[in-house]
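Novice: The structure's right below; bear with me while I get my questions together.
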């Protein structure tokens, strides 16, 4: 015991040095990271996409159906990080905003991007109350918005839809659709956008704007989304389906899978793979 006491100051000093080195190693590598991370979270039958730029700025697009979001999010966010710069509610359906109330209780959220539509659901009203209580800045998405995530590296998220008042549309038709871009790599993120929405976007934008390397398929792989013209315009390297295992809607639908097969578009499904993570430095695309 006396021997341990004798060397205790040196042991503590050694541990302090190791701890300090570890902290600075983490900070140095975090700040000098050149990779954009895009994680399609496993939240069951719903949508949630976590985006983290090299400078540390974060966006969470949709929040899944419930508090399962928190456990999935904790696996991709930096350790001890309890803030998110922006959350995006593509539309106010339960399977896209259900996890946001719990998220706001756990994380400091700076702003929320919405499509301008409302809902009478309890979860929507709960979310509204928490937005007001926590003084979260509200932004209504409009076509032409250019959201910069990392100015130094020119990483941005462009809003392609809505281009009109969506409060009179079906909920899915009014989904926010945007394109995330970093250098030569891009992600088309669609919420529950239907073929109706896809057609509206197609009339507004040339294929050169629509083409993306990764496409998040609309409405969990439903037959009512991801038309052949839309898939041809996007011409992705890979498509993502965000769906729950053995879900009651039978997503993804066979008709959609047949389209992907005919167009030789490979796909990944969160129901089979869990959370799907991509990283890119703007030149190469890596999938975990």
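Novice: Normalised by the number of residues in the chain, what is the relative contact order in percent for Cα pairs under 8 Å and 6+ residues apart?
Specialist: Working: 618 pairs, mean separation 45.8, N = 288.
Dividing the mean separation by the residue count of the chain yields 16 percent.
Novice: How large is the convex hull of the C-alpha atoms of the chain per residue, in Å³? Kindly include the intermediate steps, with their values, before the conclusion.
Specialist: Numbers: hull volume 46.6 nm³, N = 288.
Considering the Cα atoms of the chain, their hull volume per residue is 162 Å³.
Novice: Relative to the longest principal Cα axis of the chain, at what angle does helix 122-133 sit, 0 to 90 degrees, rounded to 10?
Specialist: 50 degrees
Novice: Based on DSSP H runs of at least 4 residues, each adding -39500 (n - 2.57), what is the mean residue ellipticity at 222 nm of the chain after dividing by all its residues, to the nearest 500 deg cm²/dmol?
Specialist: Details: 10 runs with 94 residues, N = 288.
Computed mean residue ellipticity for the chain: -9500 deg cm²/dmol.
Novice: So what is the relative contact order for region 77-216, in percent, with contacts set as C-alpha pairs under 8 Å and at least six apart? Present the calculation step by step, with values, prior to reporting the outcome.
Specialist: Details: 244 pairs, mean separation 26.2, N = 140.
Across region 77-216, relative contact order equals 19 percent.
Novice: Bin by bin, in steps of 5 Å, what percent of the Cα pairs in region 127-187 do you find, going until the bin that has the longest distance?
Specialist: Whole-percent P(r) values from 0 Å outward: 4, 16, 18, 17, 20, 16, 7, 2, 0.
Novice: Please state the shape class of region 36-144: rounded when a/c is under 1.5, otherwise prolate if a/b exceeds b/c and oblate if not, all from the C-alpha gyration tensor. Mind dumping the intermediate values first?
Specialist: Numbers: a/c = 1.44, a/b = 1.28, b/c = 1.12.
It comes out rounded by the Cα gyration axes.
Novice: What is the ratio of the Cα radius of gyration of region 186-288 to 2.2 N^0.38 Å, where N is its residue count, to two decimals?
Specialist: Details: Rg = 13.2 Å, N = 103, 2.2 N^0.38 = 12.8 Å.
Here the answer is 1.03, to two decimals.
Novice: Now a separate question. Calculate the spin-label point distance for residue 74 paired with residue 108, positioning each point 7 Å from the Cα along the beta-carbon direction, and give it in nanometres.
Specialist: So the label points at residue 108 and residue 74 sit 2.1 nm apart.
Novice: Would region 82-215 count as rounded, prolate or oblate if I go by the C-alpha gyration tensor, calling it rounded below 1.5 in a/c and otherwise prolate when a/b exceeds b/c, oblate otherwise? Walk me through the intermediate numbers first.
Specialist: Working: a/c = 2.22, a/b = 1.29, b/c = 1.73.
Oblate, since a/c reaches 1.5 and b/c is not below a/b.
Novice: Helix 2-31 against the longest principal axis of the chain: what's the angle in degrees, Cα atoms only, rounded to the nearest 10?
Specialist: Value to nearest ten degrees: 30.
Novice: Share of antiparallel DSSP beta bridges in the chain, in percent to the nearest 5? Mind dumping the intermediate values first?
Specialist: Working: 31 of 53 bridges.
Just about 60 percent of them are antiparallel.
Novice: Right, here's the next one. Kindly express, to the nearest 10 degrees and within the range 0 to 90, the angle between helix 195-204's C-alpha long axis and the longest C-alpha principal axis of the chain.
Specialist: 90 degrees
Novice: On to the next question. Quick check: residue separation of residue 247 and residue 287 times 0.36 nm, minus the Cα distance between them. What number comes out in nm?
Specialist: Contour length minus the Cα-Cα distance gives 11.9 nm.
Novice: Label residue 257 and residue 273 with points 7 Å out from Cα along Cα→Cβ: what is the distance between them in nm?
Specialist: So the label points at residue 257 and residue 273 sit 1.6 nm apart.
Since every read-out is calculated from the coordinates, none of them should be taken as a lab result. Keep in mind that this is a model prediction, so the values were computed, not measured. Backbone-built Cβ (ideal geometry, glycine too); neighbour counts: all protein chains shown.
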